[in-house]
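Shown next, in structure tokens, is the structure this report addresses.
No value in this document is a laboratory result; all are computed from the given coordinates. Please read these numbers as outputs of a predicted model, since none were measured by experiment. Backbone-built Cβ (ideal geometry, glycine too); neighbour counts: all protein chains shown.
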Amino acid sequence: MNNLVMFFILSGLILVFSVMTVLTRRILRSAVFLLFVLLATAGLYFMLDYMFLAAVQLTVYAGGIVVLIIFSILLTSHISERAAMAGKWPMIASAFVVLLGAGVTLYTIYSYVFKASAEPAIPSTMKSIGSHLISYGEDGYALPFEVISVLLLAVMIGAIIVAKKEVK
Amino acid sequence: MHQGIPLHYFLIVSTLMFFIGIFGFLTRRNLITILMSIELILNSVNINFVVFNRYLFPHKLQGHFFSMIVIAIAAAEAAVAIAIIINIYRNFRSIEVGKVDEMKH
């Protein structure tokens, strides 16, 4: 029962703040609402007992990406500026498309029977996560781990080259 | 911790969040808010992966690692996108999609 109450609080926060992220006309407020959405999502991960993932969500998403977005907002737009939205008919058309898509997806979710595996759960402790991440055998994730590290290096160099001032 | 919550509830939350993100992506006219809508979409997909992992395949950690990798990709994508947005701002003095309509500077 307590779980359910906590889940409804967190999911209510997620839904309300994601609607406000999308609809508010002040860009900086929109970024702060996005931060609340990401924090509530970390709360859902805590409820599912994935502590490490929740910590990654808090540090990388809520701590890193939102700060990056806020910095870029401060660099590119005036604080009193109101964001422009699409006109009336594009709004109605996209609302229609979105409601249709959500309806189809929810119908599919409800008509599909999910079969849970009966095998015993493995704990997602720091030790098991670390040994999975560097193992290259079965259930090992060494290759994606290395690919991600190369990608991050490439992204770092790419972002510097794209954003640096051209010398003429 | 997750006893008593049906799997469907998590899926409903992530579906609604995904389509709210799509709505923002379609109606926003500012590059940074479009980027924020994309972050919403990625986040909702992460919830799906984690919930399927926990409820349907608790003997593996595939969804867990997949969403960790998605978080890393999202950070990389945000960094490059913001570099591009700052470059666009430098050339056009605006990041409204309606005003950035030339592929030259």
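What's the ranking of A:25-33, B:84-92 by average number of surrounding C-beta atoms within 10 Å, highest first?
A:25-33, B:84-92
Can you tell me what percent of all Cα-Cα pairs in region A:76-168 are more than 19 Å apart?
76 percent
Determine which aspartates and glutamates satisfy two conditions relative to A:Lys127: a Cα distance under 14 Å, and not lying fewer than 8 residues away in the same chain.
none
Quick check: pseudo-label points 7 Å beyond the Cα along Cα→Cβ at A:Leu151 and B:Glu96, how many nm apart are they?
Between A:Leu151 and B:Glu96, the simple spin-label model gives 3.5 nm.
Let's test the formula: R0 of 45 Å, r as the Cβ-Cβ distance of A:Ala86 and A:Ala142. What FRET efficiency results, to the nearest 0.05?
0.50
For a test of the definition: using alpha carbon positions, the gyration tensor, and the 1.5 limit on a/c, classify chain B as rounded, prolate or oblate.
Because a/c hits 1.5 or more and a/b exceeds b/c, chain B counts as prolate.
Once each part is reduced to its C-alpha centroid, what is the distance from region A:77-126 to region B:37-97 in angstrom?
Region A:77-126 and region B:37-97 have Cα centres separated by 14 Å.
In degrees between 0 and 90, to the nearest 10, how far off the longest principal axis of chain B does helix B:62-92 point, with axes built from Cα atoms?
10 degrees
Would you calculate the separation in nanometres between label points at B:Ala75 and B:Gln3, each defined as 7 Å from the Cα along the Cα-to-beta-carbon direction?
Result: 3.5 nm between the two label points.
Does region A:1-80 classify as rounded, prolate or oblate by the C-alpha gyration tensor (a ≥ b ≥ c root eigenvalues; a/c under 1.5 gives rounded; else a/b over b/c gives prolate, otherwise oblate)?
Here region A:1-80 falls in the oblate category.
What FRET efficiency do you get for A:Leu99 and A:Phe71 if R0 is 35 Å and r is their Cβ-Cβ distance, rounded to the nearest 0.05?
0.50
Would you compute the Debye intensity of region A:125-168 from its alpha-carbon atoms alone, equal scatterers and no solvent, and pass along log10 I(q)/I(0) at q = 0.15, 0.20, 0.23 Å⁻¹ to two decimals?
The Cα Debye sum returns log10 ratios of -0.53, -0.68, -0.77.
Sticking with the crude label model, points 7 Å out along Cα→Cβ, report the distance from A:Asp49 to A:Ile109 in nm, one decimal please.
If labels sit at A:Asp49 and A:Ile109, their model points lie 2.3 nm apart.
Based solely on C-alpha atoms, express the radius of gyration and the Dmax of chain A in angstrom.
20.9, 66
Sort B:54-64, A:94-104 for me by packing, meaning the mean count of neighbouring Cβ atoms within 10 Å per residue, highest on top.
So the order, starting with the most tightly packed, is B:54-64, A:94-104.
Which of these, B:Ser14, B:Ser67, B:Ser94, has the largest mean-square fluctuation under a Gaussian network model of chain B (Cα springs below 10 Å)?
B:Ser94
Over chain A, what is the relative contact order in whole percent, taking alpha-carbon pairs under 8 Å and six or more residues apart?
16 percent
For A:Val162 and A:Met1, what does the FRET efficiency come to when R0 = 51 Å and r is the distance between their Cβ atoms, rounded to the nearest 0.05?
Between A:Val162 and A:Met1 the formula returns 0.50.
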